[in-house]
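Data block below; observations after.
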Amino acid sequence: LLFMAFTIVGSLLNGEFTLIWGSQWGLIALLVIVAALSAGGLGTILAAVAQSPEQANIVGSTINIFMGALGGAFFAVGDIPFIGTIQSLSLVYWGQNAFSTLAAGGTDIWLHVTVLLVQGAAMFAIGLYLFDRRLDQ
């Protein structure tokens, strides 16, 4: 929905239909799906460790803000020396860079897609393990 909303807003601001994320529809769809799966993996961990919906909301919001700041969603962090080494842990970093590559007309997003898939699968597996442990107690 955000993808469509941004396209509509960008088109309205330009006065004509504008594809702000590029015209590689297959890669855009793939990236949206992979980003959603990786976010779902993070959500699985949060749901497994939270004791209540309120706690999950607070911890989830905090993690999202941290990942956004670390990934460069709020400001450019590439010039900060110590952040460059740890920003690769952020889902936002990989997703934002991949979407930026597509928006600039590039198509080389396979590393980003792979990292998002691996991070999402790892977090999903950890979340399932934690759920299983929680049920055994």
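The values are calculated or read from the model by the stated rules, or taken from the named source; none is laboratory data. Everything numeric in this text was worked out from a predicted model, so none of it was measured. Cβ coordinates were reconstructed from backbone atoms using ideal geometry, including for glycine residues, and neighbour counts include every protein chain displayed. In case anyone asks, the SASA skips ligands and DNA or RNA and just uses the protein heavy atoms, side chains included. Shrake-Rupley method; radii C 1.70, N 1.55, O 1.52, S 1.80 Å.
Binning the alpha carbon pair distances of the chain at 5 angstrom intervals from zero yields the distribution 2, 10, 15, 19, 19, 15, 10, 6, 3, 1, 0, 0, expressed in whole percent. Segment Ser11..Ala56, full-extension length gain: 12.6 nm, with 0.36 nm per residue of separation and the alpha-carbon distance subtracted. Per residue, the solvent-accessible area of the chain (1.4 Å probe, heavy atoms of protein chains only, all protein chains present) comes to 63 Å².
Take the Cβ atoms of Leu19 and Asn64, set R0 to 22 Å, and the FRET efficiency comes out at 0.25. Solvent-accessible area assigned to carbon and sulfur over the chain amounts to 70 percent, based on a 1.4 Å probe. On the principal axes of its alpha carbon atoms, the range 34-83 extends 38, 24, 16 Å, with the longest extent given first.
Taking every C-alpha pair closer than 8 Å and separated by at least 6 residues, the mean separation divided by the residue count of the range 32-137 gives a relative contact order of 43 percent.
Relative to the present Cα-Cα distance, how much length would full extension add between Val118 and Phe82 at 0.36 nm per residue of separation? Stretched fully, the Val118-Phe82 segment lengthens by 10.6 nm.
Rounded to the nearest 20, the size of the Cβ-charge dipole of the chain about its Cα centre is 140 debye, with Lys and Arg at +1 and Asp and Glu at -1. Taking every Cα-Cα distance in the range 65-137 and sorting them into 10 Å bins from zero, the calculated P(r) comes out as 18, 39, 28, 12, 3, 0 percent. Projecting the Cα atoms of Ile80, Leu102, Trp21 onto the dipole axis of the range 16-137, where Lys and Arg carry +1 and Asp and Glu carry -1 at the beta carbon, places Ile80 farthest toward the positive end. Note on Val113: accessible area approximately 10 square angstrom, rounded to 10, probe 1.4 Å, nucleic acids and ligands left out.
Compared with the alpha-carbon gap, the fully stretched path from Ala47 to Leu128 is longer by 28.2 nm at 0.36 nm per residue.
Relative to the longest principal axis of the Cα atoms of the chain, the long axis of helix 53-71 lies at roughly 50 degrees. Rounded to the nearest 500, the helix-only mean residue ellipticity at 222 nm of the chain stands at -24500 deg cm²/dmol, with each DSSP H run of n ≥ 4 adding -39,500 (n - 2.57).
For the chain, the longest principal axis of the Cα atoms and the long axis of helix 25-49 meet at an angle of about 20 degrees.
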